[in-house]
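Everything on this sheet refers to the single structure shown next.
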Amino acid sequence: MVRNASAKIKQVGQELKRLTSLSKKPPRFDRTKSAVAHALKGLKFISKTDGEHGWVAVEKLFDEISASNNGVLPRSRFGECIGMESKEFAGQLFDALARKRNLQFDSIDKAHLKEFWDQISNQSFDARLQTFFDMVDKDADGRITEEEVKEIISLSASANKLSNIQKQAEEYAALIMEELDPDNLGFIMIHNLEMLLLQGPDESVRGESRNLSQMLSQKLKPTYDYNPVRRFYRDTIYFLLDNWQRVWVMALWTGAMCGLFSYKYIEYRQREDVFEVMGHCVCFAKGAAETLKLNMALILLPVCRNTITWLRNKTKLGAVVPFDDNLNFHKVIEVGISIGVGIHGISHLACDFPRLLHATPDEYEPIEKYFGEQAKSYWHFVKHIEGVTGIIMVALMAFAFTLATPMFRRGRMKLPKPLNKLTGFNAFWYSHHIFVIVYTLLIVHGIKLFLTKKWYKKTTWMYLAIPVFLYICERLTRLLRSSIEAVTIQKVAVYPGNVLALHMSRPRGFRYKSGQYIFVNCDVVSPFEWHPFSITSAPGDDYVSVHIRTLGDWTGQLRTVFSKVCKQPTNGKSGLLRADCLQENNNPEFPRVLIDGPYGAPAQDYKKYEVVLLVGLGIGATPMISIVKDIVHNIRSMAEDEYEELSSALENGATINNKTSSPSPPNPKRRENFKTKRAYFYWVTREQGSFDWFKGIMNEVAEMDHDHVIELHNYCTSVYEEGDARSALITMLQSLNHAKNGVDVVSGTRVKSHFAKPNWRSVYKHIAVNHNNARVGVFYCGAPALTKVLRQLASDFSHKTSTKFDFHKENF
């Protein structure tokens, strides 16, 4: 009887609490504060134009869909009609709107669709809040239970492709109930959601910064100059300021091409015996041939990576020579070679040879000493060594150049079997090695000349001697350096998104800078192929690590080979599969791996900037991660140096207030080489699982960066933009969990994630406002599509503000 009475009293108490909460007037929140701006633009249910204008498009779609459905719109196609991608979320929205109107059907007519549209396109915050509440409140009793919260979390996570949140929906539902239901009533009301929404981010800006921001906005407004001369002059000046290094190199190269062509053209124009028969054709052929000799020599230099790295690191040439554009210059020379081959070949085949065949005996007599007895057929010239070597070279170069185009190299060209072997990186890599045959034929072609008999005038070998020797030394250095000692695999991890992480022992004497890259070879996959990957470890680490994304044949096979020796991680370690080895107990099952490098890259120059903006798209974050770690290590090392110097000074009797004795500056060489005082890192990725790649590093940086030198920004583009109803609950959950546990629900790190894509103009503006009169290094690694946007913004802000932005892109 006592137990029953106690249970009854407890039940009555809970009911009284519930009635009391219902009788209380919900609190009215202050909607004049800045956070309301964030909340009022939130809870958008549609991304496209709303209101009456949007209804026209919706009505048109309704007519098309309902024509085959007896004049009604089925629930399954509601999202398609209103322009909502997530069908599951659209279905729940349909149910909420229908439940509010007591509709019991799975389809609606146009009148009901118009009512639905008016509600979801309503600009009122209260109306949007009520609609969202109705979606969560499945039984329409005006209260949201924990089970209903869990269901809407799962739905929101599914709509935003956040599988990790979906798995932890129950845990996160309990967190929301704990925060919004402190009295343990078992439900929350609509005013609780309003309170959570109005707790927007604190984006207070000082008056001075706000005024400067407004001034920058005015300066950056696009202005059109109607005077074409003045507009051309301004654009030319801007172009030269941004590209002066490229301009002088291209001008020098173009001048050399024109000079060599003119020199040979004039030489053969003055050879009366030859010009009388072959005319201007031979002048064009020989002029083009001379440019080909220089270009075939120059095309080797941009791929001499060791030489370029040495010049970049040990000399001051990097200030005037754009070493970052080595591969672009390689491609430019390729175009020059193609043009030269075309002019040379056409001039000979279509003009010179026919003239020789049709020349009269008297005309031919002066040049008989060069060609011998007059030929009777065209085949005479083709079967000669000059003709055979020339045709083979053209065929081989055309084959290699074709497979080097992006369509073939990146596997975009879909060919039937067995021709599909001609696409992909492997085909590009192997085809490029036929240059050995091409250069051999080129030397033979240059020796067996018809019109040149003296050896010192056969200059092909002279052009090629130094570049070929330098390239051979490069390959021998690479071969010897990489084959002396194979690295020891210390850790392997397979992460979501088909990413393989390799942690390797650091070879003796292996020194590198953050931002550089190495070549990796695995003889089990292919004994001849070497592939470049950015180093993700920092110079201060006792290991070398790379993160490899599976994008082609070689990387796919490498991942398969290492996955065989990996197992499911234990003890909370990261990765889908993992294998850790102790140095004294190495696992012999790991395949043999060789590395070659390091090689210079644009990002290694970050230390010369006081402010850096690091941008990585997907796996493009790899060089930036190394830089972020290096910045933290340098800051910590300088702090330790300062502490040691201060301790030493105090031990020697120096005091802080003693003006005659003060501690010496900490490690002046390090301070001179390391100028970075502020870094902004933006990592943009499509998949939530990608954040697992560098979770440990991000947490380490967040913990070690006590002075807030590095500003970390993670962006997950699979999540709908902040303010969209489909991500509203994720935003609420993110704020709660980060405030309570210090962990972001999307990335699983201490770094709070943003949704959708960054507004890059706002990013540049933020940096320009906070770093007036500074020079900012912008380093980007990722898809080419964003390169143009970031480069143009760097140019605009450099020209129109006092902050100068230097843009650099990883090109290897």
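The values are calculated or read from the model by the stated rules, or taken from the named source; none is laboratory data. Just so we're clear, the structure is a prediction, and the values are computed from it rather than from any experiment. Here Cβ is always computed from backbone atoms with ideal geometry, including for glycine, and neighbour counts include all displayed protein chains. For the accessible areas, the whole protein counts, side chains as well, though only heavy atoms, and no ligand, DNA or RNA atoms are used. Shrake-Rupley method; radii C 1.70, N 1.55, O 1.52, S 1.80 Å.
Tabulated data for the structure shown
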quantity	calculated
Residue 548 being of a type in the set (Val, Ile, Thr), closer than 15 Å to residue 502 by Cα, in contact with a helix residue (DSSP H, G or I) (Cβ under 7 Å, 6 or more places away or on another chain) and modelled with pLDDT of 90 or more	yes
Pair list, Cβ under 6 Å, 6 or more apart: region 264-276 residue under 23 Å from residue 357 (Cα atoms) and outside the structural domain of residue 367 (by the TED database), other residue among the basic types (Lys, Arg) and surrounded by 19 or more Cβ atoms within 10 Å (Cβ to Cβ)	none
Per-region count, region 386-408, residues open to solvent by 60 Å² or more (accessible area, probe 1.4 Å) and either closer than 22 Å to residue 328 by Cβ or in contact with a His (Cβ under 6 Å, 6 or more places away or on another chain) (or both)	3
Breaking point among (1) surrounded by fewer than 18 Cβ atoms within 10 Å (Cβ to Cβ); (2) at pLDDT 80 or above; (3) more than 30 Å from residue 157 (Cβ to Cβ), for residue 699	(3)
Pairs, first under 19 Å from residue 92 (Cα atoms) in region 59-80, second surrounded by 16 or more Cβ atoms within 10 Å (Cβ to Cβ) and polar (S, T, N, Q), C-beta under 8 Å, six or more apart	72/66; 72/107; 73/66; 73/107; 74/107; 75/107; 79/86
Residues being assigned to a helix (DSSP H, G or I) and open to solvent by 50 Å² or more (accessible area, probe 1.4 Å) - total across region 409-441	12
Subset tally (residues that are assigned to a helix (DSSP H, G or I), open to solvent by 30 Å² or more (accessible area, probe 1.4 Å) and over 19 Å from residue 497 (Cα atoms)) for region 155-174	3
Selected residue [among the polar types (S, T, N, Q), within 25 Å of residue 382 (Cβ to Cβ) and in contact (Cβ under 8 Å) with a residue 40 or more places away in the chain] from 452, 460, 488	460
Residues being surrounded by 13 or more Cβ atoms within 10 Å (Cβ to Cβ) and part of a helix (DSSP H, G or I) - total across region 355-375	10
Candidate set: region 316-345, residues that are charged (D, E, K, R) and not in a loop (DSSP other than H, G, I, E, B); chosen: the one most open to solvent (accessible area, probe 1.4 Å)	331
Filtered residues of region 96-111 (kept if over 26 Å from residue 144 (Cα atoms) and part of a helix (DSSP H, G or I))	110, 111
Qualifying position, being over 17 Å from residue 610 (Cα atoms), at pLDDT below 85 and assigned to a strand (DSSP E or B), among 706, 754	754
Residue check for residue 639: under 30 Å from residue 776 (Cβ atoms) and modelled with pLDDT of 70 or more	no
Residue within region 108-126 that is under 28 Å from residue 181 (Cβ atoms) and hydroxyl-bearing (Ser, Thr, Tyr) present	yes
Identity of the residue in region 58-114, of a type in the set (Phe, Trp, Tyr) and touching a Lys or Arg at 6+ places or on another chain (Cβ under 8 Å), that ends up modelled with the lowest pLDDT	89
Top-ranked residue of region 777-800 - restricted to ones that are in contact (Cβ under 8 Å) with a residue 40 or more places away in the chain, open to solvent by 10 Å² or more (accessible area, probe 1.4 Å) and among the hydroxyl-bearing types (Ser, Thr, Tyr), ranked as farthest from residue 608 (Cα to Cα)	795
Boolean, residue 598 is surrounded by fewer than 21 Cβ atoms within 10 Å (Cβ to Cβ) and either at pLDDT 85 or above or assigned to a loop (DSSP other than H, G, I, E, B) (or both)	no
Residue within region 138-146 that is touching a strand residue (DSSP E or B) at 6+ places or on another chain (Cβ under 7 Å) and in a loop (DSSP other than H, G, I, E, B) present	yes
